[in-house]
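Presented below is the structure to which this report refers.
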Amino acid sequence: IAQAVQQAIHVRERVLNLARDIRNGNITAPDGHKFKTVIVVGIGGSYLGPEFVVQAVQGNDQKNDLDVRFLANVDPQAFATVQYNVDPKSTLVVIVSKSFTTAETMRNARKVKRWILDAYRGEDSLLKDNEIIAAHMIACASLKALDIVKRFGIREDRLFEFWSWVGGRYSSSASAGLLPLALARGPEAAAEFLNGARMIDAHFFEAKLERNLPAVMALLGIWNVNFLGLGARAVVPYAHNLARFPAHVQQLEMESNGKSVTVHGIPLDYTTGEIVFGEPGSNAQHSFFSFYIW
């Protein structure tokens, strides 16, 4: 455990330092352009959690923020929307895939890669393709995928590791989520986010059961679905910045608990979790609230 902690701290410091240098303009595109936009390519937990966190901590003063956009859908319109009104020469790309083989992610990654290379075509540039990609692209992946990452054109020192024990649904506090957050809102904001995560971890380990918020919520879920027969739970945020919270919680819980057999393949005789759904409250009041509330 101690070794894993030290590895995580090392990656965290590399992430925060890189974000600081990019935001300060110490690291630029190969032709000297300062990065203004970041496109994060991922899917599932490598997309829903990081996107939610970046939106959740958005403040009123955004003059120093980088424009961080997320790309998950392979529908061509998704990329068209993400790259709209964006200069590829001032765009940094973060590709999030533990194995660096996730089909949807790599399809989008190749599309973004070609878009950036095409921006340098037809100019009196002596830059080679590998120099362009090395400057514009970053990977969040497992070290086991290092060879694949390098073949894609990304430098080894631009790979920010997250490990096999970090499930995609937990990646918002790993490099996959921390890097977009640090780029968007600054390394100080990212550090504060991690401090908040540490506080709730400490609460879970130290608080008595009857006052332990995560434990009580988990027990209520078991009680509701297995004893009261209440199979669904709505997550309804009213804060505008928490609009993507239902989607994040849905993926977080339903991927983790969506099981029907034991590890030995024996069918379960109980329900492992609730169906999670939701929508920002001001809209939900005028949609599914009318169906469920009498």
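Details
- From its DSSP helices (H runs of at least four residues, each -39,500 (n - 2.57)), the chain gives a residue-normalised ellipticity at 222 nm of -14500 deg cm²/dmol.
- Annotation: extensible slack from TYR238 through GLU206 equals 8.5 nm (criterion: 0.36 nm per residue apart, minus Cα-Cα distance).
- Take the Cβ atoms of LYS144 and HIS286, set R0 to 45 Å, and the FRET efficiency comes out at 0.40.
- Annotation: the antiparallel percentage among DSSP beta bridges lying fully within the chain is about 5.
- DSSP-assigned coil residues among chymotrypsin sites (Phe, Trp or Tyr not before Pro) in the stretch 102-207, each with at most 12 further Cβ atoms within 10 Å: TRP165
- Simple spin-label estimate for TYR84 and VAL263 in nanometres, 7 Å along Cα-Cβ: 4.7
- Among the lysines of the chain, pairs that are 8 or more positions apart or on different chains and have alpha carbons within less than 23 Å of each other number 26.
- Protein-only accessible surface at a 1.4 angstrom probe places the residues THR105, THR271 in the order THR271, THR105, largest first.
- Of the trypsin sites (Lys or Arg not before Pro) in the stretch 1-95, the ones in a loop by DSSP (not H, G, I, E or B) with at most 13 other beta carbons within 10 Å are LYS63.
- The chain, relative contact order in percent, only Cα pairs under 8 angstrom and at least six apart counted: 21
- Segment LEU220-SER99, extension gain: residue separation times 0.36 nm, minus the distance between their alpha carbons: 40.0 nm
- Euclidean distance of C-alpha centroids, the stretch 1-61 and the stretch 251-266, integer Å: 31
- Our note on the geometry: Cα centres of the stretch 76-108 and the stretch 223-249, 30 Å apart.
- If you plug the beta carbon distance of ARG114 and ILE275 into 1/(1 + (r/R0)^6) with R0 = 35 Å, you get a FRET efficiency near 0.35.
- Of the solvent-accessible surface of the chain, computed with a 1.4 Å probe over protein heavy atoms with every protein chain present, carbon and sulfur atoms account for 55 percent.
- Here r is the Cβ-Cβ distance between ARG20 and GLU255 and R0 is 45 Å; the resulting FRET efficiency, rounded to 0.05, is 0.85.
- Trypsin sites (Lys or Arg not before Pro) restricted to DSSP loop in the stretch 103-147 with at most 16 other C-beta within 10 Å: ARG121, LYS128
- Shape call, the stretch 1-68: gyration tensor on alpha carbons, a/c limit 1.5: oblate
- Each Cα pair under 8 Å and six or more residues apart adds its sequence gap; the mean of these over the residue count of the stretch 1-155 is a relative contact order of 25 percent.
The values are calculated or read from the model by the stated rules, or taken from the named source; none is laboratory data. Quick caveat, the model's predicted, so the values are computed rather than measured. No Cβ is skipped: glycine too gets one built from the backbone with ideal geometry, and neighbour counts run over all protein chains shown. Side chains are part of the model used for accessible areas, which takes the heavy atoms of the whole protein and leaves out ligands, DNA and RNA. Shrake-Rupley method; radii C 1.70, N 1.55, O 1.52, S 1.80 Å.
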